[in-house]
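Let me begin by presenting the structure, written as structure tokens, before commenting on it.
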Amino acid sequence: MYLENSSNLYSVNTETNLSGFSQEIDNLREEVVSSLSQSDFKHLLKIEWFGRISTLIGIGTAWIFPNPITAFLISLGQFTRWLMAHHILHKGYDKVPGVPARYTSSNFARGWRRYVDWFDWFVPEAWDYEHNQLHHYHTGENDDPDLVERHLRFLRELKVPYFIKYIFVIVASLTWKYTYYAPNTMSVIHPSSRKRLKKEHIAYITIKNIFQFSNKHVRKLWLDCYLPYATYRFVLIPLLFLPLGKTAVLYAFINMLLAECITNMHSFLVIGPNHTAEDLYRYDFHYENKDQFYVTQIMGSANYNCGDEFTDYMSIWLNYQIEHHLFPDLPMSKYREIQPKVKALCAKYKIPYRQESIFKRFGKMLDVTVGKAKMPELRIFSKVL
């Protein structure tokens with residue numbers, strides 16, 4: 001196999017046995033799937049209860065006075081719902097023996113259960129298609145809807161001092177769930193039927209046309225995403241404390257706003273650097289087979305530090321990004337088990353495996369977003385006979 005890029009940062013030797021690597025990855029998958037058990041579901045329930053307790057304490061103290069502890073607990077509760085939705089909608093628990101139907105991909109956050117399981121800025125069906133399909137199976141390609149370098153091309157090319165660009169990134173991190181992710185996800189489904197649109201029919205909503213109400217997608221964005229969620233979080237919840245006085249309502253409102261900012265920043269820190277750095281790759285081709293798929297996913301993804309429950313929880317288990325992109329339909333509890341094995345296989349077959357602290361990876365992403373660094377692009381992918 002032969003890979004080429006303009007920066008000459010990486011090439012695979014012709015003797016690299018990618019079919020052998022692919023077979024070993026498949027064997028590992030069979031091994032881990034055969035070991036699925038109720039313990040994986042119990043782990044999910046434990047994480048769910050962490051989130052529920054955080055929400056109860058956070059909202060229960062929201063009326064007392066504005067403070068970062070209350071706001072963080074509210075944020076962590078909402079963050080946990082996204083964590084659960086991410087792995088469940090990826091079909092991570094569909095094959096776990098004895099898992100209740102409400103924790104499977106066909107039921108979780110579907111229809112009215114959206115308001116129980118995962119009420120956020122996005123419509124779950126839209127997020128499922130945008131992330132689980134379009135992103136995961138076009139990672140780093142032009143059809144990847146979450147390609148950060150492409151989205152922020154204007155910022156990279158902007159002729160202003162870097163500190164102004166950094167301010168823009170800070171503002172983006174505080175607001176990105178509703179200024180970027182909600183419009184991006186709503187763009188990929190039909191506004192009336194909610195059927196998935198073909199890639200060539202998708203016209204993404206951006207901050208530039210977010211108030212263009214003649215656009216059916218924009219109207220649905222406001223009706224299905226912005227208005228319901230904003231009303232619930234910033235009007236109904238604060239009004240619960242009206243019997244305690246107007247000051248209690250005001251304090252609850254401020255704490256809900258602080259929590260929203262924290263949730264946005266937390267998720268931006270965890271999700272943003274996964275596929276954006278000068279040592280990760282973009283592709284001008286689409287893989288042709290499973291062998292190529294495995295390699296492109298690894299070379300376009302990076303892990304963070306991992307191995308303990310607290311670190312994994314605060315990282316939504318996306319610190320195992322490489323393993324997640326190889327096996328997106330596994331319970332999150334399994335990634336810790338297979339991570340050393342995947343890393344060893346990459347070393348065996350001389351495939352680069354990127355892993356650093358989340359803060360180092362964030363710094364590398366930041367360099368790309370402001371134009372200090374550029375992601376290399378692989379332009380050729382062919383087999384040498």
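The values are calculated or read from the model by the stated rules, or taken from the named source; none is laboratory data. Worth saying up front: this structure is predicted, and the values here are computed from it rather than measured. Neighbour counts are summed over all protein chains in view; Cβ atoms, including those assigned to glycine, are modelled from backbone coordinates with ideal geometry.
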Open item on the list: Test of understanding: among Ser315, Ser357, which residue is out of contact with any Cys (no Cβ under 6 Å at 6 or more places or on another chain) and closer than 17 Å to Ala85 by Cα?
Closed with: Ser315
TODO: Please report, ordered by residue number, the helices (runs of 4 or more DSSP H) entirely within the stretch 48-133 with at least 1 residues that are closer than 30 Å to Leu244 by Cα and of a type in the set (A, V, I, L, M).
DONE: 68-89, 114-117
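Residue by residue through the stretch 218-272, note down the ones that are β-branched (Val, Ile, Thr) and either under 30 Å from Tyr304 (Cβ atoms) or at pLDDT below 95 (or both).
Hits for the stretch 218-272 are Ile262, Thr263, Val270, Ile271.
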Task: Qualifying helices (runs of 4 or more DSSP H) (wholly inside the stretch 263-343; at least 3 residues being under 22 Å from Leu89 (Cβ atoms)) - done: 309-314, 321-326
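Among the residues of the stretch 344-368, write down those that are assigned to a helix (DSSP H, G or I) and surrounded by fewer than 17 Cβ atoms within 10 Å (Cβ to Cβ).
Correct list: Ala344, Ala347, Lys348, Phe359, Lys360, Gly363, Asp367.
Select from the stretch 16-25 the residues that are in contact (Cβ under 8 Å) with a residue 40 or more places away in the chain and either in contact with a strand residue (DSSP E or B) (Cβ under 6 Å, 6 or more places away or on another chain) or part of a helix (DSSP H, G or I) (or both) and list them in ascending order. Quick ask: steps written out before the conclusion?
Let us first name the residues in the stretch 16-25 that are in contact (Cβ under 8 Å) with a residue 40 or more places away in the chain, namely 16-22, 24-25.
Listed by number, the residues that qualify are Leu18, Ser19, Gly20, Phe21, Ser22, Glu24, Ile25.
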Open item on the list: Looking for something within 17 Å of the chain's Cα centre (by Cα), hydrophobic (A, V, I, L, M, F, W, C) and under 20 Å from Lys42 (Cα atoms) - is there at least one such residue anywhere in the stretch 328-339?
Closed with: yes
- [ ] Look at the stretch 188-227 and say how many of its residues are in a loop (DSSP other than H, G, I, E, B), out of contact with any strand residue (DSSP E or B) (no Cβ under 9 Å at 6 or more places or on another chain), of a type outside the set (A, V, I, L, M, F, W, C) and free of Cβ contacts under 8 Å to residues at least 60 places away in the same chain.
- [x] 11
Open item on the list: Please verify whether Leu250 is touching a Cys at 6+ places or on another chain (Cβ under 8 Å) and either assigned to a helix (DSSP H, G or I) or in contact (Cβ under 8 Å) with a residue 12 or more places away in the chain (or both), treating the condition exactly as stated.
Closed with: no
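Out of curiosity, is Ala109 under 26 Å from Tyr335 (Cα atoms) and aliphatic (A, V, I, L, M)? Explain how you work it out, then say what you get.
Values: under 26 Å from Tyr335 (Cα atoms): yes; aliphatic (A, V, I, L, M): yes.
Against the criterion (under 26 Å from Tyr335 (Cα atoms) and aliphatic (A, V, I, L, M)), Ala109 qualifies.
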TODO: Of the conditions (1) surrounded by 11 or more Cβ atoms within 10 Å (Cβ to Cβ); (2) within 30 Å of Leu56 (Cβ to Cβ), Leu236 clears all except one; give me its number.
DONE: (1)
Task: Pick from the stretch 251-277, criterion in contact with a helix residue (DSSP H, G or I) (Cβ under 7 Å, 6 or more places away or on another chain) and hydroxyl-bearing (Ser, Thr, Tyr), ranking: surrounded by the fewest Cβ atoms within 10 Å (Cβ to Cβ) - done: Ser267
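Condition (residue is β-branched (Val, Ile, Thr), assigned to a helix (DSSP H, G or I), at pLDDT 90 or above and in contact with a helix residue (DSSP H, G or I) (Cβ under 6 Å, 6 or more places away or on another chain)) applied to the stretch 29-45: is it met by at least one residue? Lay out the reasoning, then the answer.
Let us first name the residues in the stretch 29-45 that are β-branched (Val, Ile, Thr), namely 32-33.
From what's left, assigned to a helix (DSSP H, G or I): 32-33.
This time we only want the ones that are at pLDDT 90 or above, so: 32-33.
Filter again for in contact with a helix residue (DSSP H, G or I) (Cβ under 6 Å, 6 or more places away or on another chain), leaving 32.
Scanning the stretch 29-45 turns up at least one residue that is β-branched (Val, Ile, Thr), assigned to a helix (DSSP H, G or I), at pLDDT 90 or above and in contact with a helix residue (DSSP H, G or I) (Cβ under 6 Å, 6 or more places away or on another chain).
Of Thr231, Thr185, which residue is in contact with a His (Cβ under 8 Å, 6 or more places away or on another chain) and not aliphatic (A, V, I, L, M)?
After applying the criteria, what remains is Thr185.
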Task: Residue list for the stretch 294-308, filter: more than 19 Å from the chain's Cα centre (by Cα) and surrounded by fewer than 20 Cβ atoms within 10 Å (Cβ to Cβ) - done: Gly307, Asp308
Open item on the list: What pairs come out if I take residues in the stretch 47-59 that are at pLDDT 95 or above and pair them with residues that are charged (D, E, K, R) whose C-beta lies under 7 Å away, six or more apart or interchain?
Closed with: Gly51/Arg81
- [ ] Would you mention how many residues in the stretch 348-385 are farther than 26 Å from Pro161 by Cβ, among the small types (Gly, Ala, Ser) and modelled with pLDDT of 95 or more?
- [x] 1
TODO: Scan the stretch 134-171 for residues that are closer than 19 Å to Met186 by Cβ and outside any helix (DSSP H, G or I) and jot them down.
DONE: His136, His138, Asp143, Asp144, Pro145, Asp146, Leu147
Task: Answer from Tyr313, Tyr287 - the residue that is farther than 22 Å from Tyr137 by Cα and either in contact with a Ser or Thr (Cβ under 9 Å, 6 or more places away or on another chain) or surrounded by 20 or more Cβ atoms within 10 Å (Cβ to Cβ) (or both) - done: Tyr313
